[in-house]
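Note sheet for the following structure.
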Amino acid sequence: MIARVGWGLSSSRAIVLVAFVLGLLLRCFGVDAHELQYDEAATRYFSTLPWPDLWGAPALLEPNPPLFYSLAWLITHAGGSPEQIRYISVIAGSLCVPMAWLIAGRTAGAARDLAGASAALLVATSPQNIAMSQYARAYALLILCVMCAFFCILQARRLAFAPMPTERAWSPWWWSGYVVAAVAALYTHHTAVLILAALNMAILLGSVRGGFARWNFLRDFLVANSLVAAFYAPWLPVLITQSIPPEGVAPPRFIHAAGLLERLSGAISDPFAFNKLPWIDVWLLPPVLLGAWRSRSSSDMVALAAFVLGGVGLMFLASQFHPLLDGKTLAWAGLLAVLVAGIGCGTAGRFCLPLLIAAIFLELRSVPTAVEPTPEGWREVAQIFRDMARPGDAVYINYAGAVLPLRQYGWPEAQLDIKVYATSDKEPWFRGRLWPIVDPTEIADDAVRLGRVWLVAYGETRQSDGIDNEIGANSVRVLHRRTAKLDVSLFDRHSP
């Protein structure tokens, strides 16, 4: 079939080069022009902190490990803008394209050239990965590290069972690559703990046979993971402390087995979305299943399927105790599913090209949404304050960190009396906050007393419910503007 279609190794390499260039262009398109999102402004904040704060004791207050923030620190201190921090994710997301080619070639058996080229093209045009690759957060880097760790451990396992001693001589290099990639993933995002746990369980389950070679592999496996644990040990106390819910925050309600299965089913039919893009496009599920079925005899494909399913399962279980799941944290599984869809296209025989073209078309229809995300509204709200705010106006916000993106767009912070309404400080990492935290019930009284009050609500929080109506009963609303994520109101008793 490969000869009939005319795709060999050289053709596959040419196609992956084209896919890499295409993926890079798509990820660079308009990357500097997008309005900063809330979490991206937080990344900018971290990138301006002193280096010891990122890796020392103060890092306890930060929500994620410091590797991505450290790379952002380098860009910031080289004079880069907040938007240019996104190029870390652009590079990481683009490198996922050749990694998809390598992994597909490793797992697809005889059709590896077609499968590798197909996987590279689908990953290059994946709207979910394009969106992540234009986002100044750690998710694209995490995906790259996870893919590298998976590929290295597959190579190490293959060499452990190779018949030729000269082949096995390369094994330490692949184990070293696995250690570096795994440690990098752990220091990139806290979900890597569960993802790597699923990876190791999948590899172990696929290595139960093999005689003496199995024991050698298990020895090397134990040594490599011991090194990973040793390198991660300094951060482990921080992770444990961060995993404890803040005081006053109730842990998620436990969902029983039936409810968990219902939630898993709901995640497939109505997936968690990021920038209006699901973590996996349900239209790709047929080639995903086809790829898994056609390559079922490959132990590497079995390991890949077990890895993805086990990782998603572990994350669902962990979400019973910690608010873990959303479209961003599941992006790694979504991209590996796209990779398996590419394998499905590459192993479809005479239907390979039609199926691949159809899958790429399905992805490209969502690319405009990925490269032109809906702004959250920080630039618009900052402009409203510049035009309408008066010195001494009281501004109540539901998140202290909401000032971070507003600062980037020049709102008149120094002229305003800022207060945060919340029952507790949900953002201890924002060490620059000096504003008082007030009870939401006090806002209506303050509105009557002060006469002119701004109310800014980001997203949906329990503290925001009903406050604007309570103030409105004793005041005059002269402005109410809702953006994609922000709700801004001005109450002025003295307005005519």
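Table for the structure above
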item	result
Rounded, prolate or oblate (a/c below 1.5 giving rounded, otherwise prolate when a/b exceeds b/c) for the chain by Cα gyration tensor	prolate
Sequence ranges 319-328, 193-202, 482-491, ranked by mean other-Cβ count within 10 angstrom, highest first	193-202, 482-491, 319-328
Förster radius 51 Å - calculated FRET efficiency between ASP439 and SER10 (Cβ-Cβ, nearest 0.05)	0.15
Spin-label pair ASN216/ARG386, simplified geometry with 7 Å Cα→Cβ offset, distance in nm	6.7
Tally of Lys pairs whose C-alpha atoms are under 19 Å apart, taken over the chain, 8 or more apart or cross-chain	4
Rounded Å value of the spacing that divides the Cα centres of region 144-158 and region 403-419	46
Under the span-like rule (Cα at least 24 Å along the axis, Kyte-Doolittle mean at least 1.6), DSSP H helices of the chain	9-28, 139-160, 299-318
Longest segment of the chain lacking GluC sites (Glu not before Pro) that sit in a DSSP loop with at most 16 other Cβ atoms within 10 Å	1-246
Long-range HN-HN contacts of VAL395 with modeled amide H, under 5 Å	ASP417, ILE418, LYS419, TRP454
DSSP beta bridges in the chain [antiparallel fraction, %, rounded to 5]	60
Overall form of region 378-492 per C-alpha gyration tensor (a/c, 1.5; a/b vs b/c)	rounded
Computed E for ALA78/ASP417 - FRET, C-beta separation, R0 41 angstrom, nearest 0.05	0.65
Region 322-460: C-alpha gyration tensor shape, a/c 1.5 cut-off, then a/b vs b/c	prolate
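Read-outs: derived from the displayed coordinates by stated rules, not from any lab. Predicted, not measured: the structure shown is a model, and the values here were computed from it. Every residue, glycine as well, gets a Cβ built from its backbone with ideal geometry; the counts of neighbours run over all protein chains shown.
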